[in-house]
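Taking it in order: structure first as structure tokens, then the write-up.
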Amino acid sequence: MTDIQEHTDMSPSEHLPVEPAVLRPADDQTWDAEADVIVVGTGVAGDTTAIHCADLGASVIMLEKSAAPGGTSAKSGGGMMVPNNSYQRALGDVESKEDFIAFLARVGRPLLYSASHPTFGLPQWEYDLIEAYFDHAGEALTRLEELGALRVMHIAGWPSYSDVPEDRMPRGRYVVPQDDAGEMSNGRNAIERMMRTLDELGVEVRLGFRVDGVYVNDAGAVVGVRGHDGAASRSIRARKAVVFASGGFTHNTPLTREYMNGRIVGGCAAVTNTGDFLQIAKSLGLPLHQMDEAFWAPVVWEQALAHDPTLIANFNCAGDSMLVVNKYGDRIANEKVTYHDRTRSHFLWDPTLVEYPNFLQFVVMDKRCRDRYGYDGFIDLTAGNFIPRVGETSPYFLEGATLEELAERFAERLAQHPDEAAGTRLAEDFAESLRSSIERFNGFARQGRDDDFHRGQTAIEQFFMGLDNQLRPAEADPDDSAGQLDPTLHPLADEGPYYGIILAPGVLDTKGGPKVNATLQVLDGDGRPVPGLYGLGNCVASASGQAYWSAGCTWGPYLTFGYIAARSIVGEPEKHVGAGRDTARVLV
């Protein structure tokens, strides 16, 4: 599901925002360059927007803060949730738009969802975006394939992340990148292919260029950007539009503290994701939405504290003779729930004890599990598998000859980072409670049914476990699963050694920012488009509400929105720089 792309040219502290600005250009403004369209960011959202703009005849300049293109997209698996795609239709599976929107509304806004409501209870802007996503996803993917910008493989059997009756077509929407040899690939490979297409289309890409301001004419239209290329400040004019596709604010600590309330310790977005567009949006007076939500994912606690740029999410809590407990040694959640929803268990508030007892969580497994699942999956489908490869070690993966000794290792690591542990200390009877939790879990494993948290009872949990088991190499320990009633459940051994790791709440990236309409124009406080300003990707408010809709639910919408935005942008009038010569309304 993921592949690592390092972005080590900057440390998190080096790209905290500088003074963002809204600048008024003079009539005789000097520009260092100009094009019809400026696209900020070279991830999938920016790349697809630029590709389609150029395909439609517009000139494009792309600006990327990092020294390498791709952003977080280049770290991802590149899977795409594409409703009503050509591969589905070829199999005779024609999806209903109404059913699709109902499904996304059900998981995205469950407290607002109403089957009889015209928008299923969704806010109108979210409904409009989801409808546009469904209407254009298939054709957007097909056009990228025709241009050679993307090559994909359809995985018809990949199930949705939630088993709900509103999802009437839970399989068939998922496609993944494919390399030139026809093998399943990843986000980095897909970005490289897109960059080649951008070059073929004549798109200029400037790396190491950080945008920190926008030019707005006297009529309120965005007409260019200001930024720095490491040598000097530069001003670049956009005749038609500026598009921000610059990622979220995962690595901006002041913003995560302000909006996330200390809930995350880090994330696996590119280290350049520091919310630069949010600073500009605030200067423009634009309201921000969804700022306390994210695409959640557990992360290895100590690796996140080390600001490791190769950090990836723990997408799949691999293993069967394995469980997760809190500071009291109590099992607290279904370990096989998908990453986004599993992270929410870290946020349980105990009003009696006035604490978050599950903030840090402790994975415990036996030697059988460690040996059985310490291997390389096919393009690492057990992405984020914290179990070291057989024969290798990890500084974060702990070992104890007994449960008591493993508990001591956990306690030692917590003591090394007392402030970052946010008050988490193991209870005095942690080891005793852990032993009781294991005994109860082992009983469930023997009966083949988890009566506490229903582990293994959804299609996606069984699917991921099936991949884990199918991809075990021949040299792994002998298969001892005969008689195992549920492949996700196996008793832990009565004797050690035992192994463990500490997980913390993190994000793939944030999902908050200004709202956009169905053509991806950024909206002001009155819900009106800001002339010449577009936004897509993780730097604007997501229509997904509290959900991670399913696998590929960032790439799928973003490649679609790039297609939609381009068709709107090329129809934009040229924005004049001089005062009074643009008929667009005044912004403020």
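Read-outs throughout are calculated quantities, based only on the coordinates presented, and are distinct from any laboratory measurement. Just so it is clear, the model here is predicted, and its values are computed rather than measured. Don't worry about glycine lacking a Cβ; one is built from the backbone with ideal geometry, like all the others, and counts go over all protein chains shown.
Taking 0.36 nm per residue of separation and subtracting the Cα-Cα distance, full extension of the segment from Gln447 to Ser116 would add 115.0 nm. On full extension, the segment bounded by Glu204 and Thr253 gains 14.4 nm, given 0.36 nm per residue less the C-alpha separation. With R₀ fixed at 35 Å, the C-beta to C-beta distance from Glu432 to His454 puts the FRET efficiency at about 0.85. When both the range 340-365 and the range 156-210 are represented by their alpha-carbon centers, they are found 33 Å apart.
Think of the chain as having a plus end and a minus end, set by charges on the Cβ of Lys, Arg, Asp and Glu; of Gly532, Ala411, Val242, Gly532 sits farthest toward the positive end of this dipole. If you bin all the Cα-Cα distances of the range 197-289 at 5 Å, starting from zero, the percentages per bin are 3, 11, 18, 21, 19, 14, 9, 4, 1, 0.
Working note: Karplus 6.51/-1.76/1.60 with θ = phi - 60° gives the range 535-550 the couplings x, 7, x, 7, 8, 10, 5, 7, 7, 8, x, 8, 9, 10, 3, 4 Hz, where Gly and Pro are set to x. When each of Trp125, Trp158, Trp31 is scored by the number of other beta-carbon atoms lying within 10 Å, the sequence from fewest to most is Trp31, Trp125, Trp158. Compute the Cα gyration tensor for the range 127-233, then decide on rounded, prolate or oblate, letting a ≥ b ≥ c be the square roots of its eigenvalues: rounded whenever a/c is under 1.5, prolate when a/b is larger than b/c in the other cases, and oblate in all that remain. Oblate. Would you be so kind as to identify which of Trp31, Ser394, Gly374 lies farthest towards the positive end of the dipole of the chain, taking Lys and Arg as +1 and Asp and Glu as -1 on Cβ and the Cα centre as origin? The listed residue farthest towards the positive side: Trp31. The convex hull defined by the C-alpha atoms of the range 421-570 has an orientation-averaged projected area of 15.1 nm². Here's the picture: a label point sits 7 Å out from the Cα of Ala90 along the beta-carbon direction, and within the range 128-146 the residues with their amide nitrogen under 17 Å of it are 138-146.
Rounded to two decimals, the Cα-based Rg/Rh of the range 43-161, with Kirkwood Rh, is 1.01. Taking Lys and Arg as +1 and Asp and Glu as -1, the other residues whose beta-carbon sits under 15 Å from that of Val205 total -1. Go through Gln88, Pro309, Leu122 and say which Cα lies farthest out towards the positive end of the charge dipole of the chain; charges sit on Cβ, +1 for Lys and Arg, -1 for Asp and Glu. Result: Leu122.
Rounded to the nearest 20 debye, the dipole magnitude of the chain is 1300 debye, with +1 charges on Lys and Arg beta carbons, -1 on Asp and Glu beta carbons, and the Cα centre as origin.
Counted by Cβ distance under 14 Å from Gly157, the other residues give a net charge of +1, where Lys and Arg count +1 and Asp and Glu count -1. Computed over neighbours whose Cβ is under 13 Å from that of Ala407, the net charge equals -3, Lys and Arg +1, Asp and Glu -1. Indicate, rounded to the nearest 5 percent, the antiparallel portion of the DSSP beta bridges found entirely in the chain. DSSP beta bridges in the chain are roughly 65 percent antiparallel.
Backbone amide hydrogens, once placed in the peptide plane, bring Val507 within less than 5 Å of Gly266, Gly267, Cys268, Ala297, excluding anything fewer than 5 places away on its chain. Per the Kirkwood formula applied to alpha carbons, the chain shows a radius of gyration over Rh ratio, Rg over Rh, of 0.99.
Between Thr352 and Glu34, the simple label model (points 7 Å from Cα in the Cβ direction) yields a spacing of 6.9 nm. When the C-alpha to C-alpha distance is required to be over 26 Å, the pairs from Lys97/Lys336; Lys97/Lys511; Lys327/Lys367; Lys336/Lys367 that qualify are Lys97/Lys336.
Using only the Cα atoms of the range 297-507, build the gyration tensor, take square roots of its eigenvalues as a ≥ b ≥ c, and label the shape rounded, prolate or oblate: rounded if a/c is under 1.5, else prolate if a/b is larger than b/c, else oblate.
Here the range 297-507 falls in the rounded category.
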